[in-house]
Amino acid sequence: MADKYIRNMRLAFLGLVGAVFFMAGDCLIFCKAGLTDQTVEPLWAQMAEQRFIISTVLGFIGMVLMLPAWISFRRMIADTCKRAVCVMTDLSFIGVVSTGYLHFAYGSLLPLTYKAVLGGGGDVKLAGEVCEHIWAVMTPVNIVLTMCLCMIFAVHFYVTVSGRSGLKRFSCLLGILGAFAVGLLWRGIFGNSAIGGAYGAFESLGEGLTYLTASLYWRKRWRTA
């Protein structure tokens, strides 16, 4: 029994490792002075394509590491919650297994397309129009997948605040809520500087810290077994 707890604890911790890869990928996309929150960023023309390609690779590595972490999280939910919450967690798997794609769709695809159009002889206006069209086509799918992913944050909030996990209720801040708050603070301090661009990486940190809750849960079960 103790081996089961240790195994699940290690699987959950992989989610935090995966989040580090996501954070690094996000920093490659967003850490440049002058970037805004526009769908099409003119500064993409000044950024090397390798940044976006490496970011994509890091995103898929992060996704691979989060999959075993999700399994550990799902086992925690099955251990503490009723069927309805388990079904929500199952639906979140669609989002988790798509995180590599979402990282690519939200961060790397448009910049690579923008530079490809410019490299093929198109002008800035054409590059922007192509990116806007791609964004419009992909947005419905991205929204659905993001909603599925957000289910795991909702479940995490419930299982911690309700006390079902047996952990302190403030551990709900280990997830996306805490990371979002830190991201806003970071953005407020550093603005649109190159350092300020790292605020987008805190969302990825929140994904990893969500699984850290599961790791702490299994650690507690192991110590009390």
Just to be sure before I move on: is residue 213 assigned to a helix (DSSP H, G or I) and in contact with a His (Cβ under 9 Å, 6 or more places away or on another chain) in the structure I sent?
yes
Taking the range 136-185 as the region of interest, how many residues are surrounded by 13 or more Cβ atoms within 10 Å (Cβ to Cβ) and in a loop (DSSP other than H, G, I, E, B)?
6
Kindly indicate whether residue 131 is modelled with pLDDT of 95 or more, of a type outside the set (Phe, Trp, Tyr) and buried (at least 17 other Cβ atoms within 10 Å of the Cβ).
yes
Name the residues in the range 91-112 that are crowded, with 22+ Cβ neighbours inside 10 Å and either in a loop (DSSP other than H, G, I, E, B) or β-branched (Val, Ile, Thr) (or both), would you?
96, 99
Of residues in the range 4-33 being charged (D, E, K, R) and within 24 Å of residue 196 (Cβ to Cβ), the one nearest to the chain's Cα centre (by Cα):
26
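The values are calculated or read from the model by the stated rules, or taken from the named source; none is laboratory data. Predicted model, so just to flag it, every value in this text is computed and none were measured. Glycine also receives a Cβ, built like all others from the backbone with ideal geometry; neighbour counts cover every protein chain displayed.
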